[in-house]
Structure formats: structure tokens, C-alpha cells
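Report on one structure; see the data block that follows.
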Amino acid sequence: MKKTKIRIKRTISLLLTLSLIITLWGGMGTEAQAASANKYGTYTGSKPDKYSYTGNTVHIMPKKVFYSKSNGKLYYYAYVYNNTDKTIYGMKDLKITVRTSSNKRIASKTFYKGKKKKMTINPGSYKTICFVFEKKYIKNKKFYFGTAKKLRTQAEFVYYI
């Protein structure tokens, strides 16, 4: 009887794990399809290099940015890089403004308004986070990301150490 219970628990655990993996994989595929089907292209940034950033600050820079053809939203996958000497345990009131290299605003929105978003980012490391800008927060809905050499990100926020 004991072996049967253990097998059932293992089977349920395995099924839940597989279900989660399939859900995550499927979700990423949908966004990738939206990006590839988009006539405005995709901007792809490079990984943060700890030697290129000065100061005891937190940096937010684009990893991948694109408009979704299916829902018209702007998807902004960002590297949140901790260049401080302390671990970050959360953020709140994160205002992100995405601009072109000539400083024209593409979109602007405040995330985690009044609420602390828990996250852990160790010193000298980064996390990739997806920020979604709904249509009402997008000023330039026709910017072509496919040939953009650089995007500017202006970010203001409170972080917890």
C-alpha cells in the first residue's frame, strides 16, 4: 500500500511539472510567433556587461522589444542589472519610458504602482523581466524595431535592499 501511495504522489508531481513546462514553453512560443509576424520588427539588445556600468546603481536595459500583431501591445523584455554591492529584494513604482536613439518617446508606463514587487537580484547579476505596455501607454505605434541600432530606456523606481 505504501509503494502505491508513493507512486501516485510521484506521478502527480511529474504531471504537474510537465504541465508547467508545457505552459511556459507554449507561452513563449506565442510571443515569438507574435514577434515574427510583426511588420514592425524586433529589437534585440545585448547582455549586460558588469564592466560597462559605473556607479552604485541598478540598470534597466532592453533585451527584446516588439509590438504584438495580435493584441497591439508592446512587449519589452528587459535586463534588470544590479550594479550595487547589496542584494535587491524588491521594487515599486517603476516608471519605464522607452525612447528612440534620437530621444523620441515610444511608450511610457508605471509598473508596480504603490506595491512592492518581490524579486531577488544579487550584486553583479541580472534578471530578465517582461514588461507589457498596453495600447493606451504607447505613443508611437509604428516605430520600426527591426533596424533600430539603439533604444534608450529611462527608468525611475524605488528598490529595496
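Some values worked out for this structure:
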quantity	calculated
V58 long-range amide H proximity, modeled H, under 5 Å	N83
Pairwise centroid distance, computed over Cα atoms, of the range 90-104 with the range 119-143, Å	8 Å
Estimated vicinal HN-Hα couplings, Hz - the range 90-104 in sequence order (Karplus 6.51, -1.76, 1.60; Gly, Pro = x)	x, 9, 8, 6, 8, 9, 10, 10, 9, 10, 6, 5, 8, 6, 8
Directionally averaged projected area (convex hull, Cα atoms, the range 74-137), nm²	4.9 nm²
Contour minus Cα-Cα distance for T110 and N56 (0.36 nm per residue)	17.1 nm
Members of K118/K142; K73/K116; K115/K136 lying beyond 26 Å, as alpha-carbon distances in this model show	K118/K142
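Readers should treat all values here as calculations from the given coordinates under stated rules, not as data from a laboratory. In this text the structure is predicted, and so the values were computed from the model without any measurement.
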